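Here's the structure, in structure tokens; my notes come after.
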Amino acid sequence: MSDAIRMKTDDRKDWRTPSWLFELLDQEFDFCLDASASSRDHKTPNYLDEDLDGLSVQWWGRVFVNPPYGRELDAWMRKAYLASRAGAVVVALVPSRTDVAWWHDYVSRASEIRFVRGRLGFNDSRGRAPFPSVVIVFRAGDESARVSSIYRPGKEPEPLTLPTMNRREALDWLLSHSPLDALR
């Protein structure tokens with residue numbers, strides 16, 4: 001069975017965060033809490049594991065969360081949103097499931113929605129995830145839902161360049177492409 005098929009048939013809910021992605025986000029946010037970790041895999045010195053239920057403990061500071069990807073994801077996204085309302089900055093790595101209730105109830109109120117380009121290769125697997133991923137940023141008082149993309153280092157797209165014109169060239173172009181010409 002191929003790795004891709006094995007991953008699609010796998011009922012796992014825990015997907016280990018790719019190191020490159022966590023490092024990229026940690027450089028920006030300097031996390032102080034991993035809210036959904038395990039004793040064998042945590043990204044910060046302060047973490048909530050299977051012994052400390054992350055849904056029942058108050059989150060503080062700058063929080064990273066890669067929650068279980070099952071039916072309980074709704075509760076995790078609610079917790080992330082409410083923790084941000086209480087002052088925490090919460091950054092969540094979740095599957096991009098724009099058709100589910102938690103997306104519309106909580107992600108639409110996020111500060112930022114950063115789609116990850118391509119399928120992630122999670123640290124404990126040999127293949128790629130069978131779903132697209134997204135990083136959601138919740139900040140207190142900011143529900144603007146700015147959308148952007150995250151690229152793996154070295155995989156950034158070429159910048160788009162627009163032709164440059166001086167003022168005279170721009171005016172000449174506008175006059176030669178006037179919609180009024182069609183009416184004459």
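Just to be sure, is Phe31 at pLDDT 90 or above, within 25 Å of Arg152 (Cα to Cα) and part of a loop (DSSP other than H, G, I, E, B)?
Against the criterion (at pLDDT 90 or above, within 25 Å of Arg152 (Cα to Cα) and part of a loop (DSSP other than H, G, I, E, B)), Phe31 qualifies.
So is Gly118 on the phi > 0 side of the Ramachandran plot and in contact (Cβ under 8 Å) with a residue 12 or more places away in the chain or not?
So Gly118 fits the description; yes.
Here are some residues: Ser56, Ser19, Ser38. Which one is surrounded by fewer than 20 Cβ atoms within 10 Å (Cβ to Cβ) and either closer than 22 Å to Arg117 by Cβ or aliphatic (A, V, I, L, M) (or both)?
Going through Ser56, Ser19, Ser38 in turn, the sole match is Ser19.
For the stretch 98-110, enumerate the residues that are under 10 Å from Tyr81 (Cα atoms) and outside any helix (DSSP H, G or I).
Tyr106, Ala110
If I filter the stretch 137-158 down to residues being of a type in the set (Ser, Thr, Tyr) and under 21 Å from Ala80 (Cα atoms), which single residue comes out as surrounded by the most Cβ atoms within 10 Å (Cβ to Cβ)?
Among residues in the stretch 137-158 that are of a type in the set (Ser, Thr, Tyr) and under 21 Å from Ala80 (Cα atoms), the one surrounded by the most Cβ atoms within 10 Å (Cβ to Cβ) is Ser149.
Inside the stretch 115-129, can you point out the residues that are under 17 Å from Ser148 (Cα atoms) and either in a loop (DSSP other than H, G, I, E, B) or at pLDDT 95 or above (or both)?
Arg117, Gly118, Arg119, Leu120
Scanning for something crowded, with 18+ Cβ neighbours inside 10 Å, touching a residue at least 40 places away in the same chain (Cβ under 8 Å) and assigned to a loop (DSSP other than H, G, I, E, B), does the stretch 75-85 turn up at least one residue?
no
Would you check if Val134 is within 19 Å of Gly54 (Cβ to Cβ) and under 14 Å from the mean Cα position of the chain (by Cα)?
For Val134, the condition - within 19 Å of Gly54 (Cβ to Cβ) and under 14 Å from the mean Cα position of the chain (by Cα) - is not met.
Which ones in the stretch 103-114 are farther than 12 Å from Asp142 by Cα and surrounded by fewer than 15 Cβ atoms within 10 Å (Cβ to Cβ)?
Across the stretch 103-114, the qualifying residues are His104, Asp105.
Looking at the structure I just gave you, is Ala92 outside any loop (DSSP other than H, G, I, E, B), under 14 Å from the mean Cα position of the chain (by Cα) and closer than 22 Å to Leu33 by Cβ?
For Ala92, the condition - outside any loop (DSSP other than H, G, I, E, B), under 14 Å from the mean Cα position of the chain (by Cα) and closer than 22 Å to Leu33 by Cβ - is met.
The values are calculated or read from the model by the stated rules, or taken from the named source; none is laboratory data. Predicted, not measured: the structure shown is a model, and the values here were computed from it. Positions of Cβ are backbone-derived with ideal geometry, glycine not excepted, and every protein chain shown enters the neighbour counts.
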